1. Can you pull out every residue in the range 156-179 that is open to solvent by 40 Å² or more (accessible area, probe 1.4 Å) and in contact (Cβ under 8 Å) with a residue 40 or more places away in the chain?
2. Considering each of Gly58, Gly98 in turn, give the residue that is free of Cβ contacts under 8 Å to residues at least 12 places away in the same chain and open to solvent by 20 Å² or more (accessible area, probe 1.4 Å).
3. Would you point out the residue of the range 31-55, among those that are closer than 19 Å to Gly90 by Cβ and not small (Gly, Ala, Ser), that is surrounded by the fewest Cβ atoms within 10 Å (Cβ to Cβ)?
4. Scan (1) more than 12 Å from the ligand (Cβ to nearest atom); (2) open to solvent by 70 Å² or more (accessible area, probe 1.4 Å) for the single condition His21 breaks and write down its number.
5. Answer with yes or no whether Gly198 is farther than 18 Å from Ser139 by Cβ, modelled with pLDDT under 95 and touching a helix residue (DSSP H, G or I) at 6+ places or on another chain (Cβ under 9 Å).
6. Among (1) among the aliphatic types (A, V, I, L, M); (2) buried (at least 23 other Cβ atoms within 10 Å of the Cβ); (3) within 13 Å of the ligand (Cβ to nearest atom), where does Ala6 come up short?
7. So the check is Cβ under 8 Å with 6+ separation or different chains; which pairs have a first residue in the range 129-141 that's under 7 Å from Ile176 (Cα atoms) and a second one that's open to solvent by 40 Å² or more (accessible area, probe 1.4 Å) and outside any strand (DSSP E or B)?
8. Test Asp77 against the stated conditions and say whether it is within 30 Å of Gly131 (Cα to Cα) and surrounded by fewer than 16 Cβ atoms within 10 Å (Cβ to Cβ).
Amino acid sequence: MTAKVALVTGGGSGIGRAISHRLAADGYATAVLDLNAASAKTVVEEILENGYTAAAFGDVDVSDRSQVDAAVESVRDSLGAVSVLVNNAGITGFKKFGHITDEVWERTLAINLSGPFYACQAVVPDMTKAGWGRIVNISSSSAQGGQQFMTHYVASKAGLVGFTKSLALELGPSGITVNTIPPGFVDTPMLRGSERDGLLGGSVDEHADRTPVRRAGKPEDIAAACSFLCSEEAGYITGQIIGVNGGRNT
Ligand SMILES: NC(=O)c1ccc[n+]([C@@H]2O[C@H](COP(=O)([O-])OP(=O)(O)OC[C@H]3O[C@@H](n4cnc5c(N)ncnc54)[C@H](O)[C@@H]3O)[C@@H](O)[C@H]2O)c1
């Protein structure tokens, strides 16, 4: 059997990097897509050094449909039809509600919500043709409980949860599952950037001390759940929110 192809958006850093490594180790030819070409290339070099298959697709902005379509076409040409899509690329943001400009609102929704929309529309024909597919959308635990000063971000991620549930109903008959993992407090460059900017309401360590499992999440925690959701044996799980958050949200 030729290797199935997995496409990971935002695969150059943090959670996306760990998911790219994990799916490659699981046997997928892995397309690492990122706006940051250098980081996508670095992750692919790491994967190749480990003896697995991957290719980088850099300088791709998921908020631009034409760039997404062109990138998916390149993935098909170089690796093959896409079986697994992980919509992970995202941006965060902290602003008091009255200070959220139209530009910030629209950019956040464009990347965090329209990006998955474009990517799904680009790859679903491959999955439908194959009669098999796995889509995992990386949302956020903040969409479960809300988060002050993140109305725009949380709205985008809550939108992704509804998107997941609806698409799962539509694609189930075609053998395609669609689930969402809302990570909570995962130690990545995004989280450390928020800590550095004093936006977390305490340090990462202080938050870890208040987390039921007494540690921050690791990108590999999300990758492990994602790997399971992409597996054959997860075929009866669709439209679900699989929280990976150390017990911070239940
Ligand atoms: N770290 C956490 O605690 C946490 C919590 C909840 C949700 N999340 C979500 O997990 C996902 C990954 O977050 P992370 O912490 O690994 O962040 P990160 O900043 O380390 O990585 C995000 C990656 O997405 C890429 N990216 C950003 N905008 C893009 C665009 N327009 N097109 C293509 N690629 C783009 C970046 O270049 C980067 O490589 C995000 O969707 C984030 O919202 C993270």
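1. Phe163, Lys165, Leu169, listed by residue number.
2. So the residue among Gly58, Gly98 that is free of Cβ contacts under 8 Å to residues at least 12 places away in the same chain and open to solvent by 20 Å² or more (accessible area, probe 1.4 Å) is Gly98.
3. My answer is Asn36.
4. With respect to (1) more than 12 Å from the ligand (Cβ to nearest atom); (2) open to solvent by 70 Å² or more (accessible area, probe 1.4 Å), His21 is out only on (2).
5. Answer is no for this residue.
6. Single failed check for Ala6: (3).
7. Hits for this filter: zero, empty list.
8. For Asp77, the condition - within 30 Å of Gly131 (Cα to Cα) and surrounded by fewer than 16 Cβ atoms within 10 Å (Cβ to Cβ) - is met.
The values are calculated or read from the model by the stated rules, or taken from the named source; none is laboratory data. Small disclaimer: the values here were computed from a predicted structure and weren't measured. Reconstructed Cβ throughout: ideal geometry from the backbone, glycine too, with neighbour counts over all protein chains shown. Please note that ligands, DNA and RNA were not included when accessible areas were found on the heavy atoms of the full protein model with its side chains. Shrake-Rupley method; radii C 1.70, N 1.55, O 1.52, S 1.80 Å.
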